[in-house]
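First up is the structure itself, then whatever we jot down about it.
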Amino acid sequence: MINFTRLLPLLLLAFMISCGEKKQETEKSAAEEVSEEQQEEKRTGKVILFFGDSLTAGLGLDPNEAFPAVIQQKLDSLNLEYEVVNAGLSGETTASGKNRVSWVLNQEVDIFVLELGANDGLRGIPLEETRKNLQEIIDTVKEKDPQTRILLTGMQIPPNMGPEYTAEFQAIFPELAEQNQIEMIPFLLEGVAGEPELNQGDGIHPTVEGHRIVAGNVWEVLKPMVVE
């Protein structure tokens, strides 16, 4: 004859284990639902990634004063669900940018703002090398996600390298924009370059006010891309 008195503790233990497993399954299911919801929330917000050199990074200033941060403020003021990512790196050339771009594209990017080339020009890097590197960066972005829209920032340099080099350097950007059918800002530093009061002591990197003007140059082309 079965002694239920002796079996009772075992039955209670089995019942508690069963309840615990069901609770864990319920909690796991709920956690998965929350995780999916969080991922969905992340997907609803779009990303604008600024990929550039010290101009993008805001050398000499607080990152919140650099022009990408000013663009974020404009987006927020219009209740546009875009997150700005500042991937600027001081000293970046097109060659080092080409090597780094795949890493920054680990996240989903809706608009890719390409601001590179100034350091190439100031160092007198062969123009064909600069052009080739920029094209490879554009190709990498398109291969990662053909839906990512690219905005190229035009750049100019002082005539130190001679008029021919200076003119050919400036021509690289509109030519690449036309060849790749991408948007372009004619000259990123329009209204800022050569203005002592709008640049820091080195005469190259914009002040806080200079970055606000640069943000305006960017916004003029970027706005139609985000307000549709």
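The values are calculated or read from the model by the stated rules, or taken from the named source; none is laboratory data. Predicted model, so just to flag it, every value in this text is computed and none were measured. With ideal geometry, Cβ positions are generated from the backbone for all residues, glycine too; neighbour counts draw on all protein chains shown. Accessible surface areas use protein heavy atoms only, side chains included; no ligands, DNA or RNA. Shrake-Rupley method; radii C 1.70, N 1.55, O 1.52, S 1.80 Å.
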Legend entry - Flag if residue 122 is open to solvent by less than 60 Å² (accessible area, probe 1.4 Å), within 22 Å of residue 94 (Cβ to Cβ) and not in a loop (DSSP other than H, G, I, E, B): no
Inset, instruction - Mind telling me which of the residues 101, 84, 109 ends up being within 18 Å of residue 151 (Cα to Cα) and either of a type in the set (Asp, Glu) or part of a loop (DSSP other than H, G, I, E, B) (or both)? - result: 109
Inset, instruction - Considering only residues that are among the polar types (S, T, N, Q) and open to solvent by less than 30 Å² (accessible area, probe 1.4 Å), look in region 125-147 and name the one that is nearest to residue 95 (Cα to Cα). - result: 133
Inset, instruction - Would you point out which residue out of 135, 156 is in contact (Cβ under 8 Å) with a residue 40 or more places away in the chain and more than 16 Å from the chain's Cα centre (by Cα)? - result: 135
Legend entry - Filter result (in contact (Cβ under 8 Å) with a residue 60 or more places away in the chain and aliphatic (A, V, I, L, M)) within region 138-153: 151
Legend entry - Candidate set: region 150-189, residues that are open to solvent by 90 Å² or more (accessible area, probe 1.4 Å) and out of contact with any helix residue (DSSP H, G or I) (no Cβ under 6 Å at 6 or more places or on another chain); chosen: the one nearest to residue 124 (Cα to Cα): 160
Legend entry - Residue that is surrounded by the fewest Cβ atoms within 10 Å (Cβ to Cβ), among those in region 55-66 that are under 18 Å from residue 91 (Cβ atoms) and out of contact with any Ser or Thr (no Cβ under 6 Å at 6 or more places or on another chain): 63
Inset, instruction - From (1) over 12 Å from the mean Cα position of the chain (by Cα); (2) of a type in the set (Val, Ile, Thr); (3) open to solvent by less than 10 Å² (accessible area, probe 1.4 Å), pick out the condition that doesn't hold for residue 70. - result: (3)
Legend entry - Exclusive hit being in contact with a strand residue (DSSP E or B) (Cβ under 7 Å, 6 or more places away or on another chain), within 21 Å of residue 87 (Cα to Cα), open to solvent by less than 80 Å² (accessible area, probe 1.4 Å) and among the aliphatic types (A, V, I, L, M), set 192, 104, 208: 104
Inset, instruction - State yes or no: is residue 198 in contact (Cβ under 8 Å) with a residue 60 or more places away in the chain and under 19 Å from residue 53 (Cα atoms)? - result: no
Inset, instruction - For region 127-228, please list each of the helices (runs of 4 or more DSSP H) lying entirely inside it that holds at least 3 residues being closer than 17 Å to residue 56 by Cβ. - result: 127-144, 208-226
